[in-house]
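Let me begin by presenting the structure, written as C-alpha cells, before commenting on it.
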C-alpha cells in the first residue's frame, strides 16, 4: 500500500457517494480544495480528519484500506439484506449469484 493508493481510494469512494471533491471538503469542515489536494497527492489528512472522511463516506477505516472491497457500502447493504432472508430465499439468492459469476 502506498500514497497513491490512498489518493485513488479516496477518489473512488467519493465518486461512489456521488459527491464532488468541493462538496465533500466543505461537508467535513475543510477549505473547498482540500479533498482535491488529497486526491492529487499534495497533502494528506490528519488522523482526526481521516476519521471524519471515513464517517462522511460511510466506511470504516478498515474498509477504506481494503482495496479488494471495491464497494464497501454496497457490500454492507447486501450483507444486511441477506441477513433478513429466510433459508429458502437465501438459497435462491446464492443460486442467482452463482449464475452471475459462472460458479459451478
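Here are some notes:
- Neighbours by Cβ (under 6 Å, 6+ apart or cross-chain): first from the stretch 6-18, assigned to a helix (DSSP H, G or I); second at pLDDT below 95 and surrounded by fewer than 17 Cβ atoms within 10 Å (Cβ to Cβ): 7/41
- Some residue of the stretch 66-77 being surrounded by fewer than 17 Cβ atoms within 10 Å (Cβ to Cβ) and more than 30 Å from residue 93 (Cβ to Cβ): no
- Test: residue in the stretch 77-99 that is under 15 Å from residue 9 (Cβ atoms) and not in a helix (DSSP H, G or I): no
- Only residues that are more than 24 Å from residue 75 (Cβ to Cβ), modelled with pLDDT of 95 or more and assigned to a loop (DSSP other than H, G, I, E, B) were counted across the stretch 21-41, and they come to 6.
The values are calculated or read from the model by the stated rules, or taken from the named source; none is laboratory data. Source: prediction; values computed, not measured. Backbone-built Cβ (ideal geometry, glycine too); neighbour counts: all protein chains shown.
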